[in-house]
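Participant: Supplied in structure tokens, the structure appears directly below.
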Amino acid sequence: MARDYFDRTKGDARPLDELLTSLAQAHGLGEVMRSHRLILEWHHLVGPTIARVTAPDGLHRGVLSVWVKTSPWMQELRILKTKLVADINAGLGDPPLVTDLRLHFGGTRLVNADDPVAQLRAWMQLRQRPGARLATPASAARAQDIAAEAAAVEDTELRTLIEQVRTRWDR
């Protein structure tokens, strides 16, 4: 296996992108990574106008479910379906990942455990939910107060963990 990661003709290591691609393919992650790219690069794959009113919602056996915001856009996308599939596949590279689009109106569907696109989309929604708080580290004075409060915990490992979490989130 190590020989796959070393280019003997050059006498040095392969570029990182080649190495990561080889590792992903060797572990069967190529399709999963490409389907995750679909979510992460949606804006670039379909363009800003369409991305503003749509969201990829799931991918199953080549059929991409896409949530559409309004009925007029649903009609427009039905007309553009062939072009959208071609644009998405061109952006993700060969072999084609998407064979068809399933457009649906309203809320997003439930996450299917076997659907990496739906899983990643749900995870991204959790991270971007309104009111989500980013970690705000405690000031030096506050960190000292937290350390003093945590000193009451006898278990060293637990005390350290409590101190680290509270200091990272300033709580």
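The values are calculated or read from the model by the stated rules, or taken from the named source; none is laboratory data. Because the structure is predicted, anything quoted here is derived from the model rather than measured. Backbone-built Cβ (ideal geometry, glycine too); neighbour counts: all protein chains shown.
Participant: Being in the same structural domain as T49 (by TED's automatic domain parsing) and at pLDDT 80 or above narrows it down to one residue among A113, A86, A122, A118; which is it?
Facilitator: Exactly one of A113, A86, A122, A118 is in the same structural domain as T49 (by TED's automatic domain parsing) and at pLDDT 80 or above, namely A86.
Participant: Something else: If I filter the range 25-56 down to residues being of a type in the set (K, R) and more than 24 Å from P72 (Cβ to Cβ), which single residue comes out as modelled with the lowest pLDDT?
Facilitator: Once the filter is applied, the top-ranked residue is R34.
Participant: Now for a different question. Within the range 24-52, how many residues turn out to be more than 17 Å from the chain's Cα centre (by Cα) and either charged (D, E, K, R) or surrounded by fewer than 16 Cβ atoms within 10 Å (Cβ to Cβ) (or both)?
Facilitator: 8
Participant: Enumerate the helices (runs of 4 or more DSSP H) found wholly within the range 41-108, keeping only those where 2 or more residues are of a type outside the set (A, V, I, L, M, F, W, C) and within 17 Å of E31 (Cα to Cα).
Facilitator: Where helices (runs of 4 or more DSSP H) fall fully within the range 41-108 and carry at least 2 residues being of a type outside the set (A, V, I, L, M, F, W, C) and within 17 Å of E31 (Cα to Cα), they are 71-92.
Participant: Give me a count of the residues in the range 63-74 that are surrounded by 12 or more Cβ atoms within 10 Å (Cβ to Cβ) and either among the basic types (K, R) or over 11 Å from I88 (Cβ atoms) (or both).
Facilitator: Adding up the residues that qualify gives 7.
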